[in-house]
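In what follows, a structure is listed as C-alpha coordinates, so that the remarks can point back to it.
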Amino acid sequence: MRDVAIIGVSQTKFGELWDISFRDMIVEAGMGSLKDANIEGKDLEAMYVGNMSAGLFVQQEHISSLIADHTGLVPIPCARVEAACASGGLALRNGIIAVASGYHDFVIAAGVEKMTDVVDPTPAIATASDQEWEAQQGVTFPSLYAMIAQRHMYEYGTTREQLAMFSVVNHKNGAKNPLAQFPFEVTVEQVLKSSTVADPLTLLDCSPISDGAAAIVLCPADMAKKYTDTPVYVKASTQASGTIALHDRKNLTTIDATVNAARNAYDMAGVGPKDIDAVEVHDCFSINGILAIEDLGFVEKGKGGVAVEEGMTELDGDLPVNPSGGLKSRGHPLGATGIAQAVEMVWQLRGEAGKRQIAGTEIGMTHNIGGTGGTAAVHILSV
Ligand code: COA
(Lines give C-alpha, C1' and ligand atoms only; values in the text may rest on other atoms or scores of the structure.)
Protein backbone atom coordinates (compact mmCIF):
# COMPACT_ATOMS: atom_id res chain seq x y z
CA MET A 1 0.00 0.00 0.00
CA ARG A 2 1.22 3.53 -0.80
CA ASP A 3 0.83 6.55 1.47
CA VAL A 4 -1.66 9.08 0.10
CA ALA A 5 -1.67 12.89 0.20
CA ILE A 6 -4.26 15.60 -0.40
CA ILE A 7 -2.87 18.30 -2.67
CA GLY A 8 -5.97 20.33 -3.57
CA VAL A 9 -9.33 21.18 -2.01
CA SER A 10 -12.35 23.31 -2.81
CA GLN A 11 -15.91 23.91 -1.64
CA THR A 12 -18.77 25.95 -3.11
CA LYS A 13 -20.84 28.18 -0.90
CA PHE A 14 -23.46 26.02 0.84
CA GLY A 15 -27.07 27.19 0.97
CA GLU A 16 -30.18 27.57 -1.12
CA LEU A 17 -28.39 28.07 -4.44
CA TRP A 18 -31.06 29.02 -6.97
CA ASP A 19 -28.63 30.47 -9.46
CA ILE A 20 -26.42 27.42 -9.96
CA SER A 21 -27.42 24.01 -11.29
CA PHE A 22 -26.44 20.57 -9.96
CA ARG A 23 -23.95 20.07 -12.79
CA ASP A 24 -22.42 23.54 -12.45
CA MET A 25 -21.90 23.13 -8.71
CA ILE A 26 -19.75 20.05 -9.18
CA VAL A 27 -17.76 21.75 -11.94
CA GLU A 28 -17.13 24.75 -9.67
CA ALA A 29 -15.87 22.57 -6.81
CA GLY A 30 -13.86 20.27 -9.09
CA MET A 31 -12.16 23.11 -10.98
CA GLY A 32 -11.37 24.82 -7.69
CA SER A 33 -9.64 21.71 -6.35
CA LEU A 34 -7.60 21.23 -9.55
CA LYS A 35 -6.45 24.85 -9.44
CA ASP A 36 -5.53 24.46 -5.77
CA ALA A 37 -3.53 21.30 -6.65
CA ASN A 38 -1.74 22.99 -9.56
CA ILE A 39 -2.80 20.25 -11.98
CA GLU A 40 -5.14 20.11 -14.98
CA GLY A 41 -8.11 17.92 -15.78
CA LYS A 42 -6.01 15.93 -18.26
CA ASP A 43 -3.75 14.83 -15.37
CA LEU A 44 -6.63 13.08 -13.60
CA GLU A 45 -7.10 9.32 -13.83
CA ALA A 46 -10.40 8.81 -11.99
CA MET A 47 -13.21 10.56 -10.14
CA TYR A 48 -15.33 9.31 -7.23
CA VAL A 49 -18.41 11.41 -6.46
CA GLY A 50 -20.52 11.08 -3.33
CA ASN A 51 -24.21 11.74 -3.92
CA MET A 52 -27.18 10.45 -1.99
CA SER A 53 -30.11 11.04 -4.25
CA ALA A 54 -29.83 13.11 -7.42
CA GLY A 55 -32.67 10.92 -8.72
CA LEU A 56 -35.13 12.14 -6.10
CA PHE A 57 -33.81 15.69 -5.66
CA VAL A 58 -33.15 16.70 -9.30
CA GLN A 59 -34.55 13.71 -11.24
CA GLN A 60 -31.12 12.85 -12.59
CA GLU A 61 -29.53 9.42 -12.33
CA HIS A 62 -26.37 8.30 -14.11
CA ILE A 63 -24.54 11.27 -12.68
CA SER A 64 -21.18 9.56 -13.21
CA SER A 65 -21.56 10.14 -16.94
CA LEU A 66 -23.14 13.58 -16.46
CA ILE A 67 -20.19 14.74 -14.37
CA ALA A 68 -17.47 13.31 -16.64
CA ASP A 69 -19.27 14.89 -19.60
CA HIS A 70 -20.03 18.27 -18.08
CA THR A 71 -16.54 18.68 -16.62
CA GLY A 72 -15.08 17.97 -20.06
CA LEU A 73 -13.25 14.95 -18.68
CA VAL A 74 -14.67 12.18 -20.90
CA PRO A 75 -13.29 9.43 -21.11
CA ILE A 76 -11.86 9.54 -17.55
CA PRO A 77 -13.80 7.05 -15.39
CA CYS A 78 -16.20 8.54 -12.87
CA ALA A 79 -18.03 6.53 -10.21
CA ARG A 80 -20.92 7.67 -8.05
CA VAL A 81 -20.67 6.50 -4.44
CA GLU A 82 -23.82 6.29 -2.31
CA ALA A 83 -24.24 5.73 1.41
CA ALA A 84 -26.90 8.33 2.30
CA CYS A 85 -25.33 11.23 4.26
CA ALA A 86 -22.00 9.33 4.37
CA SER A 87 -21.71 9.31 0.56
CA GLY A 88 -18.97 11.97 0.61
CA GLY A 89 -16.92 10.16 3.25
CA LEU A 90 -17.12 6.97 1.22
CA ALA A 91 -16.16 8.76 -2.01
CA LEU A 92 -13.07 10.03 -0.21
CA ARG A 93 -12.30 6.53 1.05
CA ASN A 94 -12.71 5.04 -2.42
CA GLY A 95 -10.40 7.66 -3.90
CA ILE A 96 -7.82 6.98 -1.19
CA ILE A 97 -7.99 3.21 -1.82
CA ALA A 98 -7.52 3.77 -5.55
CA VAL A 99 -4.32 5.78 -4.97
CA ALA A 100 -3.03 3.64 -2.07
CA SER A 101 -3.40 0.46 -4.11
CA GLY A 102 -1.35 1.88 -6.95
CA TYR A 103 -4.25 1.63 -9.39
CA HIS A 104 -4.34 5.39 -10.02
CA ASP A 105 -2.01 8.32 -9.24
CA PHE A 106 -4.22 11.43 -9.55
CA VAL A 107 -7.81 11.10 -8.38
CA ILE A 108 -10.61 13.49 -7.45
CA ALA A 109 -12.92 12.61 -4.57
CA ALA A 110 -15.93 14.91 -4.60
CA GLY A 111 -19.45 15.23 -3.27
CA VAL A 112 -22.56 17.05 -4.45
CA GLU A 113 -26.22 17.40 -3.56
CA LYS A 114 -28.94 19.82 -4.65
CA MET A 115 -31.82 19.42 -2.19
CA THR A 116 -33.77 22.67 -2.50
CA ASP A 117 -35.34 22.07 -5.92
CA VAL A 118 -38.06 19.80 -4.48
CA VAL A 119 -41.01 21.18 -2.54
CA ASP A 120 -40.72 18.64 0.28
CA PRO A 121 -37.29 16.99 0.64
CA THR A 122 -38.25 15.04 3.78
CA PRO A 123 -39.58 11.88 2.02
CA ALA A 124 -36.44 11.74 -0.14
CA ILE A 125 -34.19 12.01 2.92
CA ALA A 126 -36.28 9.35 4.68
CA THR A 127 -35.32 6.80 2.01
CA ALA A 128 -32.02 6.52 3.90
CA SER A 129 -33.89 4.86 6.77
CA ASP A 130 -35.41 1.37 6.69
CA GLN A 131 -38.19 1.90 4.14
CA GLU A 132 -40.51 -0.88 5.33
CA TRP A 133 -40.03 -0.56 9.08
CA GLU A 134 -39.38 3.15 9.52
CA ALA A 135 -40.19 5.49 6.60
CA GLN A 136 -43.44 3.80 5.56
CA GLN A 137 -44.63 4.01 9.16
CA GLY A 138 -44.24 7.80 9.01
CA VAL A 139 -40.91 8.07 10.79
CA THR A 140 -38.54 10.80 9.54
CA PHE A 141 -34.94 11.59 10.45
CA PRO A 142 -35.79 14.41 12.88
CA SER A 143 -38.09 12.00 14.74
CA LEU A 144 -35.53 9.16 14.76
CA TYR A 145 -32.89 11.45 16.25
CA ALA A 146 -35.48 12.90 18.65
CA MET A 147 -35.98 9.38 20.04
CA ILE A 148 -32.22 9.02 20.45
CA ALA A 149 -32.13 12.39 22.23
CA GLN A 150 -34.98 11.39 24.57
CA ARG A 151 -33.16 8.20 25.47
CA HIS A 152 -29.83 9.99 26.04
CA MET A 153 -31.55 12.49 28.32
CA TYR A 154 -33.25 9.63 30.21
CA GLU A 155 -30.13 7.48 30.60
CA TYR A 156 -27.50 10.12 31.28
CA GLY A 157 -29.36 13.21 32.44
CA THR A 158 -28.33 15.18 29.35
CA THR A 159 -30.24 18.45 29.46
CA ARG A 160 -32.14 20.32 26.79
CA GLU A 161 -29.74 23.24 27.28
CA GLN A 162 -26.70 21.00 26.64
CA LEU A 163 -28.17 19.92 23.31
CA ALA A 164 -28.78 23.56 22.45
CA MET A 165 -25.18 24.44 23.37
CA PHE A 166 -23.94 22.13 20.61
CA SER A 167 -25.79 24.28 18.07
CA VAL A 168 -24.62 27.50 19.73
CA VAL A 169 -20.94 26.47 19.38
CA ASN A 170 -21.47 25.38 15.78
CA HIS A 171 -23.05 28.71 14.85
CA LYS A 172 -20.30 30.63 16.64
CA ASN A 173 -17.77 28.89 14.36
CA GLY A 174 -19.96 29.04 11.26
CA ALA A 175 -20.28 32.81 11.70
CA LYS A 176 -16.56 32.91 10.83
CA ASN A 177 -16.98 30.75 7.70
CA PRO A 178 -17.85 32.71 4.53
CA LEU A 179 -18.97 29.49 2.79
CA ALA A 180 -21.48 28.56 5.51
CA GLN A 181 -25.20 28.45 4.80
CA PHE A 182 -26.13 30.12 8.11
CA PRO A 183 -23.13 32.26 9.10
CA PHE A 184 -24.68 33.84 12.20
CA GLU A 185 -24.57 33.24 15.93
CA VAL A 186 -27.50 31.94 17.99
CA THR A 187 -28.11 31.81 21.74
CA VAL A 188 -29.29 28.90 23.88
CA GLU A 189 -32.55 30.78 24.40
CA GLN A 190 -33.07 31.15 20.64
CA VAL A 191 -32.48 27.42 20.13
CA LEU A 192 -34.96 26.54 22.87
CA LYS A 193 -37.57 28.99 21.58
CA SER A 194 -37.32 28.06 17.90
CA SER A 195 -40.20 25.95 16.62
CA THR A 196 -40.36 22.31 17.69
CA VAL A 197 -39.54 19.89 14.87
CA ALA A 198 -39.63 16.59 16.83
CA ASP A 199 -39.59 16.89 20.60
CA PRO A 200 -37.07 17.68 22.12
CA LEU A 201 -35.41 18.91 18.89
CA THR A 202 -36.25 22.38 17.62
CA LEU A 203 -35.45 24.07 14.30
CA LEU A 204 -32.09 25.25 15.61
CA ASP A 205 -31.09 21.70 16.65
CA CYS A 206 -31.44 20.55 13.01
CA SER A 207 -29.09 20.72 10.06
CA PRO A 208 -30.78 22.50 7.15
CA ILE A 209 -31.81 21.55 3.61
CA SER A 210 -28.81 22.55 1.50
CA ASP A 211 -27.24 22.73 -1.94
CA GLY A 212 -23.50 22.48 -2.39
CA ALA A 213 -20.45 20.62 -3.62
CA ALA A 214 -16.87 20.03 -2.50
CA ALA A 215 -13.84 18.32 -4.04
CA ILE A 216 -10.43 16.99 -3.08
CA VAL A 217 -7.42 16.00 -5.23
CA LEU A 218 -5.44 12.97 -4.06
CA CYS A 219 -2.07 11.65 -5.19
CA PRO A 220 0.71 9.37 -3.88
CA ALA A 221 2.42 10.98 -0.88
CA ASP A 222 5.87 10.78 -2.46
CA MET A 223 4.72 12.92 -5.42
CA ALA A 224 2.84 15.55 -3.42
CA LYS A 225 5.64 18.06 -2.86
CA LYS A 226 6.02 18.52 -6.63
CA TYR A 227 2.59 20.17 -6.63
CA THR A 228 2.23 21.89 -3.26
CA ASP A 229 4.36 23.09 -0.35
CA THR A 230 1.61 22.10 2.06
CA PRO A 231 0.47 18.53 1.39
CA VAL A 232 -1.84 16.96 3.94
CA TYR A 233 -1.32 13.25 4.58
CA VAL A 234 -4.00 10.59 5.00
CA LYS A 235 -3.15 8.65 8.16
CA ALA A 236 -6.33 6.57 8.28
CA SER A 237 -9.45 5.98 6.22
CA THR A 238 -12.02 3.60 7.66
CA GLN A 239 -15.63 2.63 7.20
CA ALA A 240 -17.95 0.52 9.34
CA SER A 241 -21.54 -0.61 8.94
CA GLY A 242 -24.36 -0.70 11.48
CA THR A 243 -27.99 -1.80 11.38
CA ILE A 244 -30.09 0.39 9.11
CA ALA A 245 -33.10 0.47 11.47
CA LEU A 246 -32.86 2.08 14.87
CA HIS A 247 -34.99 -0.57 16.56
CA ASP A 248 -32.40 -3.24 15.70
CA ARG A 249 -29.71 -1.56 17.82
CA LYS A 250 -28.70 -3.10 21.15
CA ASN A 251 -28.40 0.41 22.47
CA LEU A 252 -30.01 3.61 21.17
CA THR A 253 -27.39 5.95 22.56
CA THR A 254 -24.28 4.42 20.98
CA ILE A 255 -23.61 4.38 17.25
CA ASP A 256 -21.61 1.17 16.89
CA ALA A 257 -20.54 2.03 13.33
CA THR A 258 -18.81 5.15 14.68
CA VAL A 259 -17.17 3.21 17.51
CA ASN A 260 -15.86 0.55 15.10
CA ALA A 261 -14.72 2.97 12.39
CA ALA A 262 -12.95 5.13 15.00
CA ARG A 263 -11.19 2.19 16.66
CA ASN A 264 -9.87 1.01 13.29
CA ALA A 265 -8.83 4.55 12.37
CA TYR A 266 -6.86 5.03 15.58
CA ASP A 267 -5.15 1.65 15.00
CA MET A 268 -4.35 2.51 11.39
CA ALA A 269 -2.93 5.93 12.23
CA GLY A 270 -1.15 4.78 15.40
CA VAL A 271 -2.71 7.59 17.45
CA GLY A 272 -5.38 7.90 20.14
CA PRO A 273 -8.16 10.40 20.89
CA LYS A 274 -5.77 12.59 22.94
CA ASP A 275 -3.59 13.12 19.85
CA ILE A 276 -6.40 14.65 17.79
CA ASP A 277 -6.15 18.46 17.65
CA ALA A 278 -9.50 19.15 15.96
CA VAL A 279 -12.46 17.16 14.66
CA GLU A 280 -15.33 17.65 12.24
CA VAL A 281 -18.25 15.49 13.42
CA HIS A 282 -21.55 14.58 11.82
CA ASP A 283 -24.01 16.72 13.76
CA CYS A 284 -27.06 16.36 11.52
CA PHE A 285 -28.96 17.01 14.77
CA SER A 286 -27.44 18.41 17.98
CA ILE A 287 -27.80 15.05 19.75
CA ASN A 288 -25.70 13.41 17.08
CA GLY A 289 -22.82 15.79 17.76
CA ILE A 290 -22.94 14.72 21.41
CA LEU A 291 -23.06 11.01 20.49
CA ALA A 292 -20.12 11.55 18.13
CA ILE A 293 -17.72 13.00 20.70
CA GLU A 294 -18.61 10.08 22.99
CA ASP A 295 -18.41 7.33 20.36
CA LEU A 296 -15.14 8.69 18.91
CA GLY A 297 -13.63 8.28 22.39
CA PHE A 298 -13.12 11.95 23.30
CA VAL A 299 -15.33 11.74 26.40
CA GLU A 300 -16.90 8.93 28.40
CA LYS A 301 -20.34 7.71 27.29
CA GLY A 302 -22.99 9.99 28.73
CA LYS A 303 -20.61 12.90 29.41
CA GLY A 304 -20.90 14.59 25.99
CA GLY A 305 -23.51 17.12 27.06
CA VAL A 306 -21.49 18.21 30.09
CA ALA A 307 -18.32 18.49 27.97
CA VAL A 308 -20.08 20.81 25.51
CA GLU A 309 -21.56 22.88 28.34
CA GLU A 310 -18.10 23.26 29.93
CA GLY A 311 -16.58 24.60 26.70
CA MET A 312 -14.46 21.60 25.69
CA THR A 313 -15.63 21.77 22.07
CA GLU A 314 -15.16 25.50 21.46
CA LEU A 315 -12.45 26.80 19.10
CA ASP A 316 -10.21 27.55 22.10
CA GLY A 317 -11.30 24.46 24.08
CA ASP A 318 -9.39 21.22 24.69
CA LEU A 319 -10.95 19.61 21.61
CA PRO A 320 -12.32 22.07 19.03
CA VAL A 321 -15.30 20.43 17.30
CA ASN A 322 -16.69 21.56 13.94
CA PRO A 323 -14.56 24.65 13.29
CA SER A 324 -16.41 24.97 9.96
CA GLY A 325 -19.76 25.42 11.72
CA GLY A 326 -20.63 21.76 11.25
CA LEU A 327 -23.68 20.44 9.48
CA LYS A 328 -25.84 22.81 11.55
CA SER A 329 -24.33 26.11 10.45
CA ARG A 330 -22.14 25.33 7.41
CA GLY A 331 -25.03 23.32 5.93
CA HIS A 332 -25.63 19.67 4.99
CA PRO A 333 -25.91 18.96 1.25
CA LEU A 334 -25.96 15.24 1.99
CA GLY A 335 -23.46 13.80 -0.52
CA ALA A 336 -21.10 16.78 -0.21
CA THR A 337 -20.80 16.79 3.58
CA GLY A 338 -18.11 14.12 4.05
CA ILE A 339 -15.89 15.88 1.52
CA ALA A 340 -16.55 19.34 2.98
CA GLN A 341 -15.51 18.06 6.41
CA ALA A 342 -12.15 16.95 5.00
CA VAL A 343 -11.78 20.23 3.07
CA GLU A 344 -12.18 22.14 6.35
CA MET A 345 -9.65 19.90 8.07
CA VAL A 346 -7.15 20.47 5.24
CA TRP A 347 -7.58 24.25 5.61
CA GLN A 348 -7.03 23.89 9.38
CA LEU A 349 -3.91 21.76 8.88
CA ARG A 350 -2.50 24.19 6.33
CA GLY A 351 -3.25 27.17 8.59
CA GLU A 352 -5.62 28.63 5.99
CA ALA A 353 -8.88 28.68 7.98
CA GLY A 354 -9.00 32.45 8.51
CA LYS A 355 -10.85 33.72 11.58
CA ARG A 356 -11.73 30.19 12.68
CA GLN A 357 -8.14 28.89 12.53
CA ILE A 358 -7.19 26.64 15.43
CA ALA A 359 -3.55 27.37 16.23
CA GLY A 360 -1.11 24.47 15.98
CA THR A 361 -3.40 21.89 14.36
CA GLU A 362 -1.24 18.95 13.31
CA ILE A 363 -3.64 15.99 13.41
CA GLY A 364 -7.33 16.28 12.49
CA MET A 365 -10.21 13.86 12.25
CA THR A 366 -13.43 13.77 10.24
CA HIS A 367 -16.52 11.71 11.05
CA ASN A 368 -19.33 11.22 8.55
CA ILE A 369 -22.35 8.99 9.05
CA GLY A 370 -25.25 7.79 6.93
CA GLY A 371 -28.81 7.57 8.26
CA THR A 372 -28.94 6.98 11.99
CA GLY A 373 -25.56 5.26 11.81
CA GLY A 374 -26.01 2.47 9.27
CA THR A 375 -22.70 3.64 7.85
CA ALA A 376 -19.80 5.55 9.37
CA ALA A 377 -16.61 6.82 7.73
CA VAL A 378 -13.70 8.19 9.74
CA HIS A 379 -10.55 9.86 8.40
CA ILE A 380 -7.44 10.99 10.22
CA LEU A 381 -5.34 13.60 8.41
CA SER A 382 -2.04 15.18 9.37
CA VAL A 383 0.51 17.77 8.27
N1 COA B 1 -31.38 26.08 10.94
C2 COA B 1 -31.59 27.41 10.96
N3 COA B 1 -32.53 28.01 10.22
C4 COA B 1 -33.26 27.25 9.40
C5 COA B 1 -33.08 25.86 9.30
C6 COA B 1 -32.10 25.28 10.12
N7 COA B 1 -31.90 23.96 10.10
N8 COA B 1 -33.95 25.36 8.40
C9 COA B 1 -34.64 26.41 7.93
N10 COA B 1 -34.23 27.55 8.53
C11 COA B 1 -34.79 28.87 8.35
C12 COA B 1 -35.00 29.23 6.89
O13 COA B 1 -33.89 29.95 6.38
C14 COA B 1 -36.23 30.10 6.97
O15 COA B 1 -35.83 31.40 7.41
P16 COA B 1 -36.56 32.72 6.82
O17 COA B 1 -38.00 32.58 7.21
O18 COA B 1 -35.82 33.83 7.51
O19 COA B 1 -36.35 32.64 5.34
C20 COA B 1 -37.04 29.49 8.10
O21 COA B 1 -36.08 28.83 8.94
C22 COA B 1 -38.09 28.51 7.64
O23 COA B 1 -37.51 27.68 6.66
P24 COA B 1 -38.23 26.44 6.05
O25 COA B 1 -37.46 26.00 4.85
O26 COA B 1 -39.70 26.74 5.89
O27 COA B 1 -38.05 25.36 7.21
P28 COA B 1 -38.77 23.99 7.30
O29 COA B 1 -39.63 24.05 8.53
O30 COA B 1 -39.41 23.60 6.01
O31 COA B 1 -37.55 23.01 7.54
C32 COA B 1 -36.37 21.57 9.01
C33 COA B 1 -36.85 23.00 8.75
C34 COA B 1 -35.56 21.57 10.28
C35 COA B 1 -37.56 20.62 9.17
C36 COA B 1 -35.50 21.10 7.80
O37 COA B 1 -34.40 21.97 7.69
C38 COA B 1 -35.02 19.68 7.97
O39 COA B 1 -35.74 18.73 7.66
N40 COA B 1 -33.79 19.49 8.44
C41 COA B 1 -33.24 18.13 8.63
C42 COA B 1 -32.58 17.65 7.36
C43 COA B 1 -32.20 16.21 7.48
O44 COA B 1 -32.93 15.37 7.98
N45 COA B 1 -31.00 15.87 7.01
C46 COA B 1 -30.51 14.52 7.05
C47 COA B 1 -30.06 14.21 8.41
S48 COA B 1 -29.79 12.50 8.71
Subset of region 360-381 [of a type in the set (Gly, Ala, Ser), touching a helix residue (DSSP H, G or I) at 6+ places or on another chain (Cβ under 7 Å) and away from the ligand (no atom under 16 Å from the Cβ)]: Gly364
In region 320-350, the residues that are open to solvent by less than 10 Å² (accessible area, probe 1.4 Å) and among the aliphatic types (A, V, I, L, M): Val321, Leu327, Leu334, Ala336, Ile339, Ala340, Ala342, Val343, Met345, Val346
List the pairs whose first member sits in region 125-154 and is among the aromatic types (Phe, Trp, Tyr), whose second member is outside any helix (DSSP H, G or I) and within 16 Å of the ligand (Cβ to nearest atom), and whose Cβ atoms are under 6 Å apart, counting only residues at least 6 apart or on separate chains? Trp133/Ala245; Tyr145/Phe285
Might you check whether a residue that is over 23 Å from Gly89 (Cβ atoms), over 21 Å from the mean Cα position of the chain (by Cα), outside the structural domain of Gly272 (by TED's automatic domain parsing) and not hydrophobic (A, V, I, L, M, F, W, C) occurs anywhere in region 208-225? yes
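Can you spot a residue in region 241-257 that is within 17 Å of the chain's Cα centre (by Cα) and hydroxyl-bearing (Ser, Thr, Tyr)?
So the first thing to find is which residues in region 241-257 are within 17 Å of the chain's Cα centre (by Cα), and the list is 241, 255, 257.
Among the residues that remain, those that are also hydroxyl-bearing (Ser, Thr, Tyr) are: 241.
Looking through region 241-257, at least one residue is within 17 Å of the chain's Cα centre (by Cα) and hydroxyl-bearing (Ser, Thr, Tyr).
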Selection count, region 194-210, where residues are near the ligand (Cβ under 9 Å from one of its atoms) and assigned to a loop (DSSP other than H, G, I, E, B): 6
Number of positions in region 285-302 that are open to solvent by less than 10 Å² (accessible area, probe 1.4 Å), farther than 15 Å from Tyr156 by Cα and either more than 16 Å from the ligand (Cβ to nearest atom) or in a loop (DSSP other than H, G, I, E, B) (or both): 1
How many residues, within region 1-35, are among the hydrophobic types (A, V, I, L, M, F, W, C) and open to solvent by 20 Å² or more (accessible area, probe 1.4 Å)? 6
Exactly one condition in (1) open to solvent by 40 Å² or more (accessible area, probe 1.4 Å); (2) in contact (Cβ under 8 Å) with a residue 60 or more places away in the chain is false for Pro75; which is it? (2)
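The values are calculated or read from the model by the stated rules, or taken from the named source; none is laboratory data. Because the structure is a prediction, the values reported are computed rather than measured. Reconstructed Cβ throughout: ideal geometry from the backbone, glycine too, with neighbour counts over all protein chains shown. What goes into the accessible areas is simple: the full protein's heavy atoms, side chains included, and nothing from ligands, DNA or RNA. Shrake-Rupley method; radii C 1.70, N 1.55, O 1.52, S 1.80 Å.
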